[in-house]
Amino acid sequence: MSRAEPGSRPGPSLKLDLGGRELDLGRPLVMGILNLTPDSFSDGGLLPTPAAARERALALAAEGADLLDLGAVSTRPGAPQVSPDEEMRRLLPALTAVRAAVDLPLSVDTYRAEVAAAAADSGANCLNDVTALGASGEHPSDALARVAAARGLGLVLMHMRGTPETMQLDTRYADLVGEVRAHLALAVGRAVHAGVPRARILVDPGIGFGKSVEGNLLLLARLGELAALGQPILVGASRKSFIGRLLDLDVHDRLEGSLAAAVAAVLAGAHVIRAHDVRATVRAVRIAAAVRAAAAAGSGV
Ligand code: HH2
């Protein structure tokens, strides 16, 4: 009987196509976060210039990131709106600098079609839409999916109820996991209808986006139920406030909690982990993946 490599998953491996870059999902991947914002909840203002973004991207690549996610607008609870012009002013020079420096697939965290199209021109491979085609919550639009389809980009569809301004006002759900799954199923259907092939779509339960502490824990525990959507699952729990609330720790002291959440997500079936602390996350996730592979391989050792 053939044995799986430690850290890999046995069986036929799923492939992900991000703008012409094929990623093997036979092991969990780590998406390194590059925040080009002045006000992100844990690392705002750290990358004020394209040169700083490039250096950070090179560092995350050296730490073992499989792909990078560049965001120019904070989605922290209560974050103010930023104009598309301001978003592009922050994003595009940094994206160009990062594209020239690293060979990893680059994702751009935006829900705006015009920003997405400009990002595609500057070398983005994937769009990360925290509104799952809900474009701000009030104006559902398939425009972003049409950009992904036309430019051959990957597309992350994340669940959020409301907008960053309103999402934490009411975090009660009758059936959280069922609602998240149904919401993502609809979004995947809309993306496919707009022309994005399933091989390019990831889903994300949106940890911290309109959820209580208990809701976030429930989503991590029952992540496997999203497998029914048939798409790879991305999870972003890094440094989020539920970790701070559970451990009573400030945002700069959440590394261990973030690693524990990443391990829980991988054991529950996550394919991609979005993280600020890449080196530590890569190591933790490799152990979780090895445990998962051992469980799948059966009882003979
Ligand atoms: N979380 C954040 C931003 N974008 N995208 C996906 N797909 N999943 C997530 O969980 C997710 C996301 C929030 O984290 P961060 O980017 O560090 O903070 P901010 O939004 O304040 O810039």
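A short reminder: the numbers here are calculations on the coordinates, not readings from a lab. Here the structure is a predicted model, which is why all the values come from computation and not from measurement. All Cβ positions, even for glycine, are placed from backbone atoms using ideal geometry, and neighbour counts span all protein chains on display.
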>> Of all beta bridges DSSP finds with both residues in the chain, what is the antiparallel percent, to the nearest 5?
In response: 15 percent
>> If each DSSP helix of 4+ residues adds -39,500 (n - 2.57) and the sum is divided by the residues in the chain, what number results at 222 nm, nearest 500 deg cm²/dmol?
In response: -12000 deg cm²/dmol
>> Give me the one-decimal nm value for the distance between modelled label points at Ala174 and Asp24, 7 Å along each residue's Cα-to-Cβ direction.
In response: 4.6 nm
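Using the 10 angstrom Cβ neighbour count as an exposure proxy, how do Arg292, Arg89, Arg239 rank, fewest first?
Lowest count first: Arg89, Arg292, Arg239.
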> What distance in nm separates the simple spin-label points at His193 and Arg89, each placed 7 Å from Cα in the Cβ direction?
Replying inline: 3.7 nm
> Kirkwood Rh over Cα pairs of region 133-209 into Stokes-Einstein at 10 °C, 1.306 mPa s: D in µm²/s?
Replying inline: 122 µm²/s
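What helices does the chain have that are whole DSSP H segments, at least 15 Å long along their own axis by Cα, and with mean Kyte-Doolittle hydropathy of -1.0 or more?
Long hydrophobic helices here: 50-62, 84-101, 176-193, 255-267, 278-297.
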> How compact and how long is the chain, expressed as Rg and Dmax of its alpha-carbon atoms in Å?
Replying inline: 17.9, 59
> Can you put Thr37, Thr131, Thr96 in order, fewest other beta carbons within 10 Å first?
Replying inline: Thr96, Thr37, Thr131
>> Can you give the FRET efficiency to the nearest 0.05 for Arg245 and Ala150, using r as the Cβ-Cβ distance and R₀ = 51 Å?
In response: 0.75
> In which sequence would Phe41, Phe242, Phe209 go, from the one with the fewest C-beta neighbours within 10 Å to the one with the most?
Replying inline: Phe41, Phe242, Phe209
> For region 167-187 and region 218-255, what is the separation of their Cα centres, given in Å?
Replying inline: 15 Å
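Within a Cβ distance under 13 Å of Asp109, other residues only, what is the Lys/Arg minus Asp/Glu net charge? Before the final figure, lay out each step's value.
Details: positive: Arg76, Arg90, Arg112, Arg274; negative: Asp69, Glu87, Asp129, Asp204.
Local net charge: 0.
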>> Going by amide H atoms built from the backbone, whose H comes under 5 Å of the H on Arg274, apart from near neighbours?
In response: Met31, Val235, Gly236, Ala237
>> If I take every Cα pair under 8 Å that is 6 or more residues apart in region 15-293, average their sequence separation and divide by the length, what percent do I get for the relative contact order?
In response: 20 percent
>> Report for region 16-104 the percent antiparallel among DSSP-assigned beta bridges with both residues inside it, nearest 5.
In response: 40 percent
> Quick one: Karplus J couplings for region 166-171, per residue in order, coefficients 6.51, -1.76, 1.60, θ = phi - 60°, nearest Hz, x for Gly and Pro?
Replying inline: 10, 5, 8, 5, 9, 10
